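For reference, the structure discussed in these notes is given below.
The values are calculated or read from the model by the stated rules, or taken from the named source; none is laboratory data. If you're wondering where the values come from, they're calculated on a predicted model, not measured in any experiment. Neighbour counts are summed over all protein chains in view; Cβ atoms, including those assigned to glycine, are modelled from backbone coordinates with ideal geometry. For the accessible areas, the whole protein counts, side chains as well, though only heavy atoms, and no ligand, DNA or RNA atoms are used. Shrake-Rupley method; radii C 1.70, N 1.55, O 1.52, S 1.80 Å.
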Amino acid sequence: MNRKQKKVLVRIIISAALLVIFSLLPVRGWLRFFLFLIPYLIIGYDILKKAGKGILNRQVFDENFLMAVATIGAIILGEYVEGSAVMLFYQVGELFQSFAVGRSRKNITELMDIRPDYANLETEDGTEEVDPDDVEVGSIIVVKPGEKIPIDGLVVSGRSALNTSALTGESVPRDVGPGEQVLSGSINQNGLLRIRTTQEFEESTASKILDLVENASSRKSRSENFITKFAHYYTPAVCYSALALAVAPPLVRMAFLGLAPEWGDWILRALTFLVISCPCALVISIPLSFFAGLGCASRNGILVKGSNYLEELASTKYVVFDKTGTMTRGVFEVSGIHHSSMPEEELLEYAALAEMYSSHPISQSLRRACGRDLDEHRVKNLEEIGGRGITAEVDGHKIAAGNAGLMQEMGIDYMDCHSVGTVVHVAMDGQYAGHILIADLIKPTARSAVRQLHEAGVKSTVMLTGDSRRVGESVAQTLGIDEVHAQLLPAQKVELVEQMIQKKGKGEILAFVGDGINDAPVLARADIGIAMGAIGSDAAIEAADVVLMDDNPEKISLAIRIARKCIRIVYENIIFAIGVKVLCLILGALGIANMWAAIFADVGVMVIAVINAIRALRIRQDRPAADAAAEQEAGQA
């Protein structure tokens, strides 16, 4: 509880105590009025102040104005207890709402703790504690046990376990050693690490995450925009309605019925009408529901760029996957060399040299399998052909390494491979030299992830890959994916996604899930783009609407579940709040509902709606036993 909340709580206790004491005293007249004015001003002076400022700034119609007019009117009519009680319970509701907002903000506040305060920069004279902003790319920083890694980089020396829960939502530590990448915001647990920085501080992972979280609230959902517009017109409407209720019936009674006007009764009804009509439950609980949903997602390693994307996630009916790095580990291993017209080691060496500058996982696997230092001076005139492969001049020979499309483009006859895997065809000086078979491992949780999506009501799952049809169909069948499209260039993936968007039904959302490295165009084109395990990728963060901070595809269904729970809570609050208020407004206008019923319609509904809203902070993590079995089966596959 912060200082402001403590002050409000003290005022509530003092005001409530005085209200009870003064209610028991047998006093009448002006003395009773002045006695009840004390607890009223103690609990309500700030509301009266805000209402006064609103009037001076010509922003009259808000909940402070409604509370001020209703309570002052009740006290003038002699309803001292009711007037003070309305203000008291309104403040109780506001305090409760403050607690709820604080609780939902806690997730974000904890996330903000990943921002490092300093970096230990290694210099000729030892280490110097500096501002992370002052560390240049390529510098050596030292991270001691218990410290946060301030900037992304590569481990130069040392081994340790890193706590990455703030980044990925996973509690299992990650072991790192020399040559491995580490991300800022991770906590070094037990070893001394020397790290060569690869990013500036502002471009590091922690800064990107914080920027995403801080800007998420600026992107409003349709529900939030509706409530804002609704309140803009609703509050003036009920104020004028209350005025009409206070004036019109007495005048009709006098002018047309010849009866006593009963001004006090109708004015009290109008004041009750004002208290009931206060839109606090909607104005507070709807944004709070989305804020809680965003906080729940971020705590689970899912960054959603705004509540509008949370709303779209809830309507997701089609999920399209990239294969490599998304449903598979992207860890390729050479499993065979076939139809080679030269020694296998020589063929592998030529292919590795041709691919030595590529960052593609297949290229990396070729270099690892070669197992020797590669002399870059042996390679000239290298050209990468998007979606097909690479051509280069190696030791004076024209080498082409890539898929069947590259061989066809160059007019080279090639041999098909009957084994399942990624095939790298190699040609030398225009003649086919053989092919290298590379196998990619399916992620252990991929199959259970697809099953959970189907169980969540996703109509269709589709996989797009640039790999061969045989490989694509094999992976899709293993994972239970409904549809697969293979041998696609990046532009063809965009075209296919556009065709799917045109075919889907109204209100249905298509999500594309990619690893964020080569999938930026498709991520940007889909209704909602989800980048998986790519928090270090600029392309992913820029193009995607949702960023999953680890490589677990099960987070996709978790994100959808969080979004759907959040939207369900939003609709529950809208229906409940409007329904209760309409009923109480009618009863208040008819004189059936009194000021105490008005207190429930205002404060009670707000408290119930806020309690309901903060349920969005929690999501069940347990999975069915069938999913665990599927995970084990996929891992074995």
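Worth pointing out:
- ³J(HN,Hα) computed for each position of segment 446-453 - Karplus, 6.51 cos²θ - 1.76 cosθ + 1.60, integer Hz, glycine/proline x: 5, 5, 5, 5, 5, 4, 5, 5
- Around Thr235: net Lys/Arg minus Asp/Glu count, Cβ-Cβ under 15 Å: +1
- Average accessible surface for segment 3-111: 56 Å² per residue, computed with a 1.4 Å probe over protein heavy atoms with every protein chain in place.
- With the simple spin-label model, which puts each label point 7 Å out from Cα in the Cβ direction, the Glu346 to Lys504 separation comes to 5.3 nm.
- Counting 0.36 nm for each residue step from Asn2 to Glu495 and taking away their Cα separation leaves a gain of 172.1 nm.
- Val252-Leu583 FRET efficiency (beta carbon distance; Förster radius 30 Å; 0.05 resolution): 0.75
- Counting only Cα atoms, the size of segment 427-555 along its three principal axes is 54, 31, 30 Å, in decreasing order.
- Rolling a 1.4 angstrom probe over the protein heavy atoms with all chains in place gives segment 119-214 an accessible area of 47 Å² per residue.
- Site pair Gln431 and Leu31 shows an inter-label distance of 12.0 nm when each label is modelled 7 Å from Cα along Cα→Cβ.
- A straight line joining the Cα centroids of segment 457-508 and segment 289-345 runs 14 Å.
- Prolate/oblate/rounded label for segment 119-214 (Cα gyration tensor, a/c 1.5): oblate
- For the pair segment 1-70 / segment 375-415, the C-alpha centres are spaced 80 Å from each other.
- Rounded if a/c under 1.5, otherwise prolate or oblate - segment 3-111, Cα gyration tensor axes: oblate
- Dividing the mean sequence gap of close Cα pairs (under 8 Å, 6+ apart) by how many residues segment 217-370 holds gives a relative contact order of 22 percent.
- Remark: spin-label model distance Ala17-Asp395 equals 9.3 nm, labels positioned 7 Å along the Cα→Cβ axis.
- Between 0 and 90 degrees, the angle of helix 80-112 with respect to the longest Cα principal axis of the chain falls at about 10 degrees.
- Computed from backbone phi, the HN-Hα couplings of segment 402-416 come to x, 8, 4, x, 5, 5, 5, 4, 8, x, 9, 6, 10, 9, 6 Hz, rounded to whole numbers (Karplus: 6.51 cos²θ - 1.76 cosθ + 1.60, θ = phi - 60°; Gly and Pro given as x).
- Among Thr198, Ser160, Val130 - extreme Cα towards positive end, dipole of segment 119-214, charges at beta-carbon: Ser160
- Estimated from the Cβ-Cβ distance and a Förster radius of 35 angstrom, the FRET efficiency linking Glu129 and Arg159 is about 0.90.
- For the chain, the relative contact order is 15 percent, taking Cα pairs closer than 8 Å that sit 6 or more residues apart in sequence and dividing their mean separation by the residue count.
- Under-5 Å amide H pairs with Phe321, H placed in peptide plane, nonlocal only: Val462, Met463, Leu464, Val513
- The relative contact order of segment 119-214, computed from alpha carbon pairs under 8 Å that lie at least 6 residues apart in sequence, is 34 percent.
- Dipole-positive endmost among Tyr233, Met327, Gly480 within the chain (Cβ charges, Cα centre): Tyr233
- Coupling constants for segment 424-440 follow from the phi torsions by the Karplus curve (6.51 cos²θ - 1.76 cosθ + 1.60, θ = phi - 60°), and in residue order they are 9, 7, 10, 10, 10, 6, x, 10, 5, 10, x, 9, 10, 8, 10, 9, 10 Hz; glycine and proline get x.
- Under 14 Å from the Cα of Lys459 - aspartates and glutamates, other chains or at least 8 residues apart: Asp482, Glu483, Glu508
- Exceeding the 27 Å Cα-Cα cut-off - candidates Lys6/Lys49; Lys398/Lys493; Lys323/Lys398: Lys398/Lys493; Lys323/Lys398
- Heavy-atom accessible surface of the chain: percent carbon and sulfur, 1.4 Å: 55 percent
- Maximal additional length on extending the Asp373-Leu56 stretch stands at 106.4 nm, based on 0.36 nm per residue less the C-alpha distance.
- Assuming charge only on the beta carbon of Lys and Arg (+1) and of Asp and Glu (-1), the dipole of the chain about its Cα centre is about 4460 debye to the nearest 20.
- Helix axis angle, 625-636 relative to the chain longest principal axis, alpha carbon, degrees: 20 degrees
- Cα shape, segment 330-442, gyration tensor, a/c 1.5 rule: rounded
- Residues whose amide H comes within less than 5 Å of that of Ala433, counting only those at least five positions distant or on another chain, are Val426, Ala427, Met428 (H built at 1.01 Å from N in the peptide plane).
- Residues whose amide H comes within less than 5 Å of that of Ile385, counting only those at least five positions distant or on another chain, are Ile390, Thr391 (H built at 1.01 Å from N in the peptide plane).
- Once exposed loop trypsin sites (Lys or Arg not before Pro) are cut out (DSSP; at most 12 other Cβ, 10 Å), longest piece of the chain: 59-371
- Take the Cβ atoms of Ile575 and Ile76, set R0 to 45 Å, and the FRET efficiency comes out at 0.80.
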